[in-house]
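Colleague: Take a look at this one; I'll ask things after.
The values are calculated or read from the model by the stated rules, or taken from the named source; none is laboratory data. Note that this is a predicted model, so its numbers are computed, not measured. Here Cβ is always computed from backbone atoms with ideal geometry, including for glycine, and neighbour counts include all displayed protein chains. We work out accessible area using only protein heavy atoms, side chains counted, and drop any ligands, DNA or RNA first. Shrake-Rupley method; radii C 1.70, N 1.55, O 1.52, S 1.80 Å.
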4 protein chains.
Amino acid sequence: MTQPSSEIIFLGHCPDRVGLDARITGFFADELFNILDLSQHSERGRFFIRIEGSEEGERQAIQTWTEKFFPIARELEMEYSFHDPLERLRVVMFCSKTLSCPLEILSRWLSGDLRIDLRAVISNHGEIAPIVNKLDLPFHLIATTGERAEFEEQQLRILDRIGPDLVVLARYMKILSGTFLASVRMPIINIHHSFLPSFIGNDPYEQAYRRGVKLIGATAHFVTRELDEGPIIHQDVVRIGHQFSVSDMKQVGADIEKQVLASALRKFTERKIIQWQGRTVVFH
Amino acid sequence: MTQPSSEIIFLGHCPDRVGLDARITGFFADELFNILDLSQHSERGRFFIRIEGSEEGERQAIQTWTEKFFPIARELEMEYSFHDPLERLRVVMFCSKTLSCPLEILSRWLSGDLRIDLRAVISNHGEIAPIVNKLDLPFHLIATTGERAEFEEQQLRILDRIGPDLVVLARYMKILSGTFLASVRMPIINIHHSFLPSFIGNDPYEQAYRRGVKLIGATAHFVTRELDEGPIIHQDVVRIGHQFSVSDMKQVGADIEKQVLASALRKFTERKIIQWQGRTVVFH
Amino acid sequence: MTQPSSEIIFLGHCPDRVGLDARITGFFADELFNILDLSQHSERGRFFIRIEGSEEGERQAIQTWTEKFFPIARELEMEYSFHDPLERLRVVMFCSKTLSCPLEILSRWLSGDLRIDLRAVISNHGEIAPIVNKLDLPFHLIATTGERAEFEEQQLRILDRIGPDLVVLARYMKILSGTFLASVRMPIINIHHSFLPSFIGNDPYEQAYRRGVKLIGATAHFVTRELDEGPIIHQDVVRIGHQFSVSDMKQVGADIEKQVLASALRKFTERKIIQWQGRTVVFH
Amino acid sequence: MTQPSSEIIFLGHCPDRVGLDARITGFFADELFNILDLSQHSERGRFFIRIEGSEEGERQAIQTWTEKFFPIARELEMEYSFHDPLERLRVVMFCSKTLSCPLEILSRWLSGDLRIDLRAVISNHGEIAPIVNKLDLPFHLIATTGERAEFEEQQLRILDRIGPDLVVLARYMKILSGTFLASVRMPIINIHHSFLPSFIGNDPYEQAYRRGVKLIGATAHFVTRELDEGPIIHQDVVRIGHQFSVSDMKQVGADIEKQVLASALRKFTERKIIQWQGRTVVFH
C-alpha cells in the first residue's frame, strides 16, 4: 500500500557499501522531501531501496527528480527510477480461452481496485471478445495456428504502437519465443498453477489427484527466457480435500491463479518490486 | 464441490434418533440411487444430512423424488429438499455505491465460476448502471431517500415478479425493515467486514487502525431480523501491517468481502448449507 | 474432531455399488447404535466411509463389533476397522539432530493435545537424549554409520518388542530401506519441506532463495517404497519475504514442518484417514 | 528475521520532519556502520525507524553506541535503543492450569527456536511444576486465592530479583491490578482468543458455536491498564466447521493461541516492535 499523501516513489539498487542510505536520504533532505516510508535491504553485496514521501518544498516533475538524481546514481553505479503514485500504468493483456483470469483483471480495472490504464486485449481465441467489446476496449484476435514469426510480428506491432508499461499474460496459453522476448522492452507478468510437490509431464492435476494433494497454488512471475522460471512476484495456495474431483481442482486452481495475478499486479502498480539477477525484492 | 457425475442432491434435517441413516439410505437403495457423497452430522439432538449421487435406475424428476420421499419425511418430522446440481439458481443482486462486491458477482457469473442465473440488479445508486446495462441485465434504480414503506414496496414488487431463489446483498448499505424481511420468502445473503476484536460505533476502521489490528476479515451470513446477526455461512481474513493507512485497510476489507461473499454463494449453489436455529451446517 | 460423546469409530472401504450406505447403517441401526457423524465418499469405483457415534443399547467391546460386522464386510469385500476414540495410540518416534519436530511431538504429548501414548524415541544422534531422559521416556541411540542391515535390525527389534500402532519420523534423516519397510507392519508417517515450485538436487533452500520464493511448505505423508512419494496426509505453507536469508528460510521451514506433522498425527489419532492406492481420504 | 551477519539493531521514534533519515543514517555512515536492513515509516506526524547492520570499523559496545547517539536523539526528541541481536532476552513466564501455551514456550526455548533466556515460571496452579522442575527451571507457586495485594507483592519481589526484559502471560488467568502494572517496569505480553464477531459475556465459545462461527483466532498484545485492550502485536485465525463441538473449538483455540504467542515473542526478540500511543509498529 502506498501512503495516502505520497507524491513521489523512488526505487533504486546498486552495489552495497557503507554510507549509501546517508548519501541518498541526504539528497532528499536537501530537496525538502519528507520521507514517509523507506525500505532498504542489502543481500549478498547488493543494496536495494524504496522511498516514498511528499514534497515539502516546491513540486518538481518526475523528469526533474530523475535528472537531479543522475550524478549520484552515476557515482553509486545505481539503477533507479522515480514514479508518480497517481500515474496509471498502461497495460496490454494477453489471454486465450480461459476467462477467469482476464475477467478478474477487467473487473478490478473497472472497479478501480487496480490502478491501471488497460489499453488493449490480445487473444488467440474469440471467447472474451463480446465482453471486451461491450467495455469499449480494443480487442485484437490474433490466431496462433500459423507461422510463429508472423503472429508474433502482429503482436509486436500492436505493442509497439501502444507502448504499454506492462504486458500481462492472463492465462495466455502460448509460449513466447526468445525472439519475441528479445524484442519486447517492457516487463511481462505471467501466472501459472503450482503444486506441492510439483508434478512434471502431462496432466499435473490428475497426478496431484492421485497423490491426494491437499493444497493447490499459483505463482505470478516475470517472464524471462527460461519458461516458467522467471523471478517470482507472488504466490498463494488454497486448501482442498479428497472430495475434490480433478475438475473441481481445476476450478479451484483457476480461482487462486486470478487472485495471485491480481495481487502481483497491485504490487507492480505500487512500484514495490525490484528485479535483480533472477530474484525479486518485493517491498511490503 | 459437487461430484462430476451427480444427478441429485438431497438435503434434510430432523430430530435425531437411532436408525435415521439406515431409514434414509434404505429409501435411496430401493430407488437404485448410487450415493457418491454422504455427510451426516448430529448435534444437540438434531440430525443433518446431505446426499448426492447418480440414478442407476430410471431418471426421475425432482418433483417425483420429492413426492416419493414425503411419507418418510412426515414420519421422521424432517424438513427436506431435492435439487438438480445442474440447475442454475435465479438470483437478484442488491447493491449501492461500492462496486467491488457487485463486480465480483458479475464477473463470476460471466465466467461461469458461479452457477447462477442473475436476473436483475437493484441499487439505490446509479454507479453500476453503465456496466449492468452493457451486460444486458435488467437494472432497477430505486432511491432510498424517501419513505421506507414506499421504496421497499417497489423492491418487493420486483422480487415478486422475478421470484428468485436467492437475494444477494452485495454491499447494499440500507437496512432491511422487519416488514420487508417478513414479506420476502427467499433466503437473503449479506456480507460485512469483521475485526478481531470487533469495534463498535463509528468508523470501525479508524478504531482498528488505532489498536494496530493485524487482520481484517469478512463474514457472509443469512439475513434475519437481528441485523448482522444471522447464521454465519463463511468467514475469512487477510493480514495487514502497520504501513496500511485507514484507506488501505478499507481497500483490503473490500477485497476480502468480495471473496467471502463469492465463496458463500458457491456453497449455497452447491446446496451445502442447512440453516437451523440461528446456526448453519455447511457441508464440505 | 471427534464428537464429545462418541464411543465407537468405524472406518471402511470397498468396491462401490448401490445400497452400501443402507446395508452398513442398517447394521448399526439394528445394534441400536446412534450415528453422530457419518462421512461417505465414492470416487472412481471405490466407496469410503467413516462413522462415529454412541451405543444406545448395551456397551459392546471393539472386538465384539469387529466380529459382528465380519459377515457384512466379507460380502462387500470391505476392509474395515472399529476403534475406541478414547484409546491412545502407541507411538514410537524416530529423530536425528534437528530438535524442533521431536520437541513439538513431546510437547503435545505432555499437554495432552495429541492423544498418543509415546513409548520410545529412537535416534541416530544424542542431542535429544537429555530431554527424553528427563521425561522418563525410553531412549535408544542407534548410530547409522555402520552397516545398514545391522542398525535396521536393531531398530526392528525395538519396534517388535513394543509393537506400536504408529511410527513417526520426526525429521529422521536416514532413508529407510525396502527391507526395513517390508518388515514393519505398522504405518509410518514422515514430514518433509515442500516448495512451489519444487527444487531438485542439492540445497533446495539456496535454490528457492535465488528464485525469490514467497511460500515455504511442508508435507506429511505415509512412507511407502517410493521415497517421499507416499500418500499425502496434510500440507501447509507459510509466507516469507525477500528479507529472509537462507538460514531464516530454514527456520521457517522447520516451524511449518512441526505444525504439519502434528496436524497429520492428530488426524491419524482421530481415525480420519483411509489409505487406498497411493491416495488418502482424510475426513473432516 | 534478522540478517545473518547483523551485529547491531537500532530502534527509534520521534516527531516527524524532513531530513530525519539523512541525519540518522549520516551518523551510522560516519561510524563506518554498514546498514543491511532499514525500515522507516511515518504516520500521523510520528517517525519510526529500525536499522540493522554490521560494523565495518572497530567493534563498539552497545553502551558506546547508545552514548554516541545521545546528542542526536536529544536534538530530535527521539526515544531510541541499541541491541545486540545475539543477546538472549531474560524472560519470566506466568501461567495457570492450561498447559498448551506454557509448554509451547518451554519447547521453543529448549529447541532454540526462541532466542530467550527463560529465568523462572510463576503459576497460581501446580500442574506445570513437574515438567518445569525436570528442566531445572525455577518454579514459583503463588496461589491467588488470598489477598490480591499480598500475592502480587510476592510476584513483584521475584520480578525485582530477576529483573527480566520481558514478562510473558502464557494463559495466566488472573487479572493484573493497576497497582501491579504500575510497579512492573518491563513489557508484558499477553495472549487471548478472538472471534469474528466478538462475543461478550459468559462462555464466548458457546456463543460462537450457536452462531456457527467459522474462524477462531488469537491476539497477542502488550498489557496496559485497559484489560485486553493493549497494542496488538500479532493475530492469526484457524478455520473450523460445524462438526467442531464447543470442546473441539476450545482445543483449536488453545492451538492457535500458542502459535500466535510464540510468533509475537519471536518478533519481540528480533527487536521488530515499537509501541506508540496504543498502537504497535511491527517491522517485517
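Colleague: Once the Cα atoms of helix D:148-162 and of chain D are each reduced to a long axis, what angle between those two axes, in degrees from 0 to 90 to the nearest 10, is obtained?
Modeller: Helix D:148-162 sits at roughly 40 degrees to that axis.
Colleague: Give me the dipole magnitude in Debye, nearest 20, for chain A about the Cα centre, with unit charges on the beta carbon: positive for Lys and Arg, negative for Asp and Glu.
Modeller: My answer is approximately 800 debye.
Colleague: Going by a 1.4 Å probe on protein heavy atoms, which residues of region C:36-52 end up with at least 30 Å² less accessible surface in the whole assembly than in their chain alone?
Modeller: C:L36, C:D37, C:L38, C:Q40, C:H41, C:S42, C:R44
Colleague: Among the listed pairs C:K134/C:K267; A:K272/B:K250; B:K272/D:K258; A:K267/D:K258; A:K97/A:K258, give every one whose C-alpha distance is greater than 26 Å.
Modeller: In this structure, C:K134/C:K267; B:K272/D:K258; A:K267/D:K258 lie more than 26 Å apart at Cα.
Colleague: Mean residue ellipticity at 222 nm from the helices of the protein assembly as shown, using -39,500 (n - 2.57) per DSSP H segment of n ≥ 4 over the full residue count, to the nearest 500 deg cm²/dmol?
Modeller: My calculation for the protein assembly as shown gives -10500 deg cm²/dmol from helical runs alone.
Colleague: Between copies, how close do the D:T64 label points come, placed 7 Å along Cα→Cβ, listed in nm from shortest?
Modeller: 4.5, 8.1, 9.2
Colleague: Can you give the accessible area of B:L135, probe radius 1.4 Å, in Å² rounded to 10?
Modeller: Approximately 30 Å² of B:L135 is accessible to the 1.4 Å probe.
Colleague: List the accessible area buried at the contact between C and B, summed over both sides and calculated with a 1.4 Å probe, in Å² to the nearest 100.
Modeller: 1700 Å²
Colleague: Run the dipole for the protein assembly as shown about the Cα centre, Lys and Arg Cβ at +1, Asp and Glu Cβ at -1, nothing else charged, and hand back the magnitude in debye, nearest 20.
Modeller: 0 debye
Colleague: Roughly how big is region D:1-127's charge dipole about its Cα centre, with Cβ charges of +1 (Lys, Arg) and -1 (Asp, Glu), in debye to the nearest 20?
Modeller: Dipole size: approximately 520 debye.
Colleague: Rounded to the nearest Å, what's the spacing between the alpha carbon centres of region A:230-248 and region A:52-74? Just the number, please.
Modeller: 43 Å
Colleague: What figure, in Å² to the nearest 10, do you get for the accessible area of D:V252 with a 1.4 Å probe and non-protein molecules left out?
Modeller: Result for D:V252: roughly 10 Å² accessible.
Colleague: How far is helix A:100-111 tilted off the main Cα axis of chain A, in degrees rounded to 10, range 0 to 90?
Modeller: The helix A:100-111 is inclined about 40 degrees to chain A.
Colleague: Considering only protein heavy atoms and a 1.4 Å probe, what is the carbon-and-sulfur percentage of the accessible area of chain D?
Modeller: 49 percent
Colleague: What residues qualify as long-range amide H neighbours of A:L89, i.e. H under 5 Å apart, gap of 5 or more or another chain, H built at 1.01 Å from N?
Modeller: For A:L89, the qualifying residues are A:D117.
Colleague: Per residue of B:108-115, count partner chain C-beta atoms within 10 Å of its C-beta, then hand back the mean as an integer.
Modeller: Partner-chain Cβ atoms within 10 Å, mean over residues of B:108-115: 5.
Colleague: I'd like the trypsin sites (Lys or Arg not before Pro) in region B:1-100 restricted to DSSP loop residues with at most 11 other Cβ atoms within 10 Å, sorted by number.
Modeller: On the way: sites: B:R17, B:R23, B:R44, B:R46, B:R50, B:R59, B:K68, B:R74, B:R88, B:R90, B:K97; in loops: B:R17, B:R44, B:R59, B:R88, B:K97.
Taking region B:1-100 and a limit of 11 other Cβ atoms within 10 Å, the loop trypsin sites (Lys or Arg not before Pro) found are B:R44, B:R59.
Colleague: Enumerate by residue number the GluC sites (Glu not before Pro) in region C:98-206 meeting two conditions: DSSP loop (anything except H, G, I, E, B), and at most 10 other Cβ atoms within 10 Å of the site's Cβ. Mind dumping the intermediate values first?
Modeller: Working: sites: C:E104, C:E127, C:E147, C:E150, C:E152, C:E153, C:E206; in loops: C:E127, C:E147.
Passing sites in region C:98-206 are C:E147.
Colleague: Among residues other than B:E55 whose Cβ falls under 10 Å from its Cβ, what is the net charge (Lys/Arg +1, Asp/Glu -1)? Please report the intermediate quantities before stating the final value.
Modeller: Working: positive: B:R59; negative: B:E7, B:E31, B:E56, B:E58.
Neighbourhood net charge equals -3.
Colleague: Determine which chain A residue has its Cβ at minimum distance from the rotation axis mapping A onto C, giving the value in whole Å.
Modeller: A:S198, 2
Colleague: Once you treat every alpha carbon in the protein assembly as shown as an equal point and sum by Debye, what is log10 I(q)/I(0) at q = 0.07, 0.09 Å⁻¹?
Modeller: Once normalised to I(0) and log-transformed, intensities are -0.72, -1.24.
Colleague: Taking a point 7 Å out from Cα toward Cβ as the label site, list the nm distances between D:I158 and the same residue in every other copy, smallest first.
Modeller: For D:I158, the inter-copy label distances come out at 3.6, 6.5, 7.2 nm.
Colleague: Then there is this: Which net charge results when you count Lys and Arg as +1 and Asp and Glu as -1 among the other residues whose beta-carbon is under 10 Å from that of B:P85?
Modeller: So the environment of B:P85 carries a net charge of -3.
Colleague: In whole Å, what is the distance between the alpha-carbon centres of region D:170-200 and region C:8-25?
Modeller: 50 Å
Colleague: Where q = 0.14, 0.27 Å⁻¹, what log10 of I(q)/I(0) comes from the Debye formula for region C:7-83, counting one point per Cα?
Modeller: Result of the Debye calculation: -0.40, -1.51.
Colleague: A further question follows. With everything on Cα atoms, drop me the angle between helix A:246-269 and the longest principal axis of chain A, reported from 0 to 90° to the nearest 10.
Modeller: Roughly 20 degrees, rounded to the nearest 10.
Colleague: Okay, next question. How charged is the neighbourhood of D:L215? Take every other residue with its Cβ under 12 Å from the Cβ of D:L215, and add Lys/Arg as +1 and Asp/Glu as -1.
Modeller: Spelling it out: positives minus negatives among the neighbours equals +1.
Colleague: Just flag the trypsin sites (Lys or Arg not before Pro) in region A:208-284 sitting in loop per DSSP whose Cβ has no more than 11 other Cβ atoms within 10 Å.
Modeller: Working: sites: A:R210, A:R211, A:K214, A:R225, A:R239, A:K250, A:K258, A:R266, A:K267, A:R271, A:K272, A:R279; in loops: A:K214, A:R225, A:R271, A:K272.
Sparse-neighbourhood loop trypsin sites (Lys or Arg not before Pro): A:R225.
Colleague: Using only Cα atoms, what is the ratio of the radius of gyration of chain C to 2.2 N^0.38 Å?
Modeller: Here the Cα radius of gyration is 1.11 times the empirical estimate.
Colleague: With all protein chains present and a 1.4 Å probe, how do A:Y80, B:Y172 order by accessible area, largest first?
Modeller: Descending accessible area places them as A:Y80, B:Y172.
Colleague: Across the residues of B:248-257, average count of Cβ atoms on other protein chains within 10 Å?
Modeller: Across B:248-257, the average partner-chain Cβ count within 10 Å equals 2.
Colleague: While we're on this one: Shortest first and in nm to one decimal, what separations exist between C:S5 and its copies in the other chains, measuring from label points 7 Å along the Cα-to-beta-carbon line?
Modeller: 3.9, 6.2, 6.6
Colleague: When ligands, DNA and RNA are left out and all protein chains stay put, how many square angstrom of accessible area per residue does the protein assembly as shown have with a 1.4 Å probe?
Modeller: That works out to 38 Å² for each residue.
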